[in-house]
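**Student:** My structure is below; once you've seen it, I'll send some questions.
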Amino acid sequence: MKRQGVFEFISRSPILWGSIGFALFYGLVFYGPLNVEIVKRYFTHHPVEYMLTGLFAVGMAALLIKMFEFLGERAMISRSPWSELLGDASTAGAADLLAALKRLPESRQSGMFVGRLIAALDVVRRRGTAEGLDDELKFLSDADAERVNAGFALFRVIVWAIPILGFLGTVIGITMALNSLNSGNAEQSMMEVLKGLGLKFDTTALALTLSMALMFVHFYADRLATALLFRIDERVTEELSGRFESVPNNPQGQLDAMRRMTEALMHLSEQMTQKQVSLWQSALAAAEESWGKMTQATGARLEGSMSVALREGMQQHAQQLAAIEQNAMQQTRQNWERFLQTQSQAAQTLTGVQSAVTHQVEVIRGAVEAAGDVMRLEDALNRNLNALAGAKHFEQTVNSLAAAIHLLNARLAELPAMDASVQLESRRRASQAA
């Protein structure tokens, strides 16, 4: 919208278009078909002539822009502004008509016809009645006329400035000519001044000519504006007359006005309530949608975080399991090696025990055999003792006993050495020997 406003301002700028016209005119003067002596005399022989031409170009551009605006307004008032928006607008109220007008483009709303309709409908909407609408339309018509008159302010300044500038150029030329008088040859100097005064009045002649041209163009522009304002008054009256009910200026009319205002207020309250409900519904829908999006985003983030955490946990768990499995395999290997060593040592120990048991068995066998010999000797000794006791030959018995002991010692010396001592108990007590 801002860019469009700048474009419209530039397109309606009289200074811009006047500058373009000024440049084109002097282009034709110096390089085109206007390159003749009479044109150069009045437009190029004095700096003031350039200034007069520039002001004339700006003033003419301002008049032409206004005339084009009036022609555009006249084209727009030929058709109803509601026909393209509402179709049949005969039953529409002031608020509906006003809302339809405000949907028009900005450039059309700024026009005098649509602008006056908007202002009149706004008054009817605020008052709730069409009473006094005619006076309001007259006031709006006068305001538009003053606005059109104010639009020619730049033109009036230029028309006022051009003749004064022309006279100023003439005065400056005369002053410079008088200053160039030579007192020594006054007659010849006066003749030269008189010859040059014709050129010095060219700025005044040009200024008056350009002012007359601008006034003629302004006359036609003013007539076009007057006709346009009159046509706008007619079209506004046609569009609004009889459309709204007016309230008479009496107590009954006041009551009717109050009733209509109350109905309008209730209708407005209903519209505002419906609008508020729709706004709440829109807000709730937006909040629900935002909550759903936020939930989805949170779920996605949570899912991503959980996936990353589970992945890291599984990796750590796998690493721990691998470490535990490796440690268990090493421990099992070590235990198995120790078990194998223990079994080897046990086998060696069992082999030693087996050899020792075999040796003990042999020793025991020899001891048993020796014990049998001892028993036989003991029996012989007992028989001898009994025989000695019966024969009273004690001395021989002792000798026999010593011989038996020596024989026993000799037998025992022949046996291999034993790890454990073998004790033999006699079947008979010493009392028997006695």
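The values are calculated or read from the model by the stated rules, or taken from the named source; none is laboratory data. Note that the coordinates shown come from a computational prediction; the quantities given were computed from them, not determined experimentally. Every residue, glycine among them, receives a Cβ derived from its backbone with ideal geometry; neighbour counts consider all protein chains shown. Ligands, DNA and RNA are excluded from the accessible area calculation, which covers all protein heavy atoms including side chains. Shrake-Rupley method; radii C 1.70, N 1.55, O 1.52, S 1.80 Å.
**Student:** Out of all the residues in segment 53-69, is one or more out of contact with any Pro (no Cβ under 7 Å at 6 or more places or on another chain) and over 19 Å from Ser211 (Cβ atoms)?
**Tutor:** So in segment 53-69, the residues out of contact with any Pro (no Cβ under 7 Å at 6 or more places or on another chain) come out as 53-57, 59-60, 63-64, 66-69.
Add one more test, that the residue is over 19 Å from Ser211 (Cβ atoms), and what stays is 68-69.
Yes, the conditions are met somewhere in segment 53-69.
**Student:** Do you know which of the residues in segment 82-101 that are open to solvent by 20 Å² or more (accessible area, probe 1.4 Å) and in contact with a helix residue (DSSP H, G or I) (Cβ under 7 Å, 6 or more places away or on another chain) is modelled with the highest pLDDT?
**Tutor:** Applying the filter and picking the extreme gives Ala95.
**Student:** Another one. Out of the residues in segment 26-49 that are hydroxyl-bearing (Ser, Thr, Tyr) and open to solvent by less than 80 Å² (accessible area, probe 1.4 Å), state the one that is modelled with the lowest pLDDT. Show your work before the answer.
**Tutor:** Of the residues in segment 26-49, the ones hydroxyl-bearing (Ser, Thr, Tyr) are 26, 31, 42, 44.
From what is left, the residues that are open to solvent by less than 80 Å² (accessible area, probe 1.4 Å) are 26, 42, 44.
Details: Tyr26: 89, Tyr42: 80, Thr44: 83.
Across segment 26-49, the extreme among qualifying residues is Tyr42.
**Student:** What is the residue count in segment 261-318 for residues that are among the acidic types (Asp, Glu) and within 30 Å of Val123 (Cα to Cα)?
**Tutor:** Filtering segment 261-318 down to residues among the acidic types (Asp, Glu) leaves 263, 270, 288-289, 303, 312.
Narrowing the set further to residues that are within 30 Å of Val123 (Cα to Cα) leaves 263, 270.
Total satisfying the criteria: 2.
Okay, residues lined up against (1) under 44 Å from the mean Cα position of the chain (by Cα); (2) open to solvent by 60 Å² or more (accessible area, probe 1.4 Å):
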| residue | (1), (2) |
| --- | --- |
| Ser107 | yes, no |
| Met112 | yes, no |
| Gly115 | yes, no |
| Leu121 | yes, no |
| Leu137 | no, no |
| Glu146 | no, yes |
| Asn149 | no, yes |
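**Student:** Failed condition for Thr170, given (1) farther than 30 Å from Glu238 by Cα; (2) polar (S, T, N, Q); (3) modelled with pLDDT under 80, with all others met?
**Tutor:** For Thr170, the exception is condition (3).
**Student:** Are any residues in segment 102-132 of a type in the set (Lys, Arg) and in a helix (DSSP H, G or I), and if so, which ones?
**Tutor:** Looking only at segment 102-132, we keep the residues that are of a type in the set (Lys, Arg), and these are 102-103, 108, 116, 125-127.
Arg108, Arg116, Arg125, Arg126, Arg127 - these are the residues of segment 102-132 that are of a type in the set (Lys, Arg) and in a helix (DSSP H, G or I).
**Student:** How do the pairs read when you match residues in segment 211-229 that are under 15 Å from Leu154 (Cα atoms) with residues anywhere that are among the basic types (Lys, Arg) and open to solvent by 40 Å² or more (accessible area, probe 1.4 Å), using Cβ under 7 Å and keeping only pairs 6 or more apart or on different chains?
**Tutor:** Ala221/Lys66
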